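In what follows, a single structure is set out as structure tokens and then discussed.
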Amino acid sequence: MSKSQETWNKKETEKKRQKKKKDKEQKKQERRANVKEGSSFDDMIAYVDENGQITSTPPDPNKKVVINNEDIVISIAKQENIKPADPIRKGIVSFFNSSKGYGFIKDLETQDSVFVHINGLIDSIKENDKVTFEVEMGQKGPNAVKVKLTSPN
């Protein structure tokens, strides 16, 4: 007597495969039966209300707000004409080391401390002198240049 070509495991896997195929076909039939035939275009439209929520009801025309195209700003608002700042500033020398050739000037208007190098001096200065100067941006920040002595201390 010869042994069957199909083993028990092969039979079980074939049964599972047939059952899956049958279930899939049944689900397909259910979907076809539940489809709403003749859905109108109006049923598919969605609206956005004034709060940004999606709704199925159209917006109320009484709540419509008219916006002028000129009022819409997409970029940075234009700046008003600003008076050019006086390039010459006044300050007091808060620290100056003449042997090393640098120091700091405290701006009287902004109370900022501005670095000064000996190459930016017109007159020789020392601590607590009142000076006038111009500010240029250096590699490490603002630098005082064209430093003139107004009144020695």
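The values are calculated or read from the model by the stated rules, or taken from the named source; none is laboratory data. The shown structure was predicted, so the numbers you read here are calculated from the model rather than taken from an experiment. Backbone-built Cβ (ideal geometry, glycine too); neighbour counts: all protein chains shown.
Residues considered: Ile88, Ile92, Ile125. Of these, the only one that is out of contact with any Asp or Glu (no Cβ under 9 Å at 6 or more places or on another chain) and of a type outside the set (Lys, Arg) is Ile125. Determine whether the stretch 48-66 contains at least one residue that is surrounded by 10 or more Cβ atoms within 10 Å (Cβ to Cβ), more than 30 Å from Lys148 (Cα to Cα), charged (D, E, K, R) and over 26 Å from the mean Cα position of the chain (by Cα). Looking through the stretch 48-66, at least one residue is surrounded by 10 or more Cβ atoms within 10 Å (Cβ to Cβ), more than 30 Å from Lys148 (Cα to Cα), charged (D, E, K, R) and over 26 Å from the mean Cα position of the chain (by Cα).
In the stretch 45-72, the residues that are touching a residue at least 12 places away in the same chain (Cβ under 8 Å) and part of a strand (DSSP E or B) reach residues that are surrounded by 10 or more Cβ atoms within 10 Å (Cβ to Cβ) and β-branched (Val, Ile, Thr) with C-beta atoms within less than 7 angstrom, at least six apart or across chains, in these pairs: Tyr47/Thr55.
Examine the stretch 56-74 for a residue that is among the acidic types (Asp, Glu) and modelled with pLDDT under 80, and state whether such a residue exists. No: zero hits.
Here is a yes/no grid of residues against (1) surrounded by fewer than 16 Cβ atoms within 10 Å (Cβ to Cβ); (2) modelled with pLDDT under 90; (3) not in a loop (DSSP other than H, G, I, E, B):
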{"residue": "Gly91", "(1), (2), (3)": "no, no, yes"}
{"residue": "Phe104", "(1), (2), (3)": "no, no, yes"}
{"residue": "Glu109", "(1), (2), (3)": "yes, yes, no"}
{"residue": "Asp123", "(1), (2), (3)": "yes, yes, no"}
{"residue": "Asn143", "(1), (2), (3)": "no, no, yes"}
{"residue": "Thr150", "(1), (2), (3)": "yes, yes, yes"}
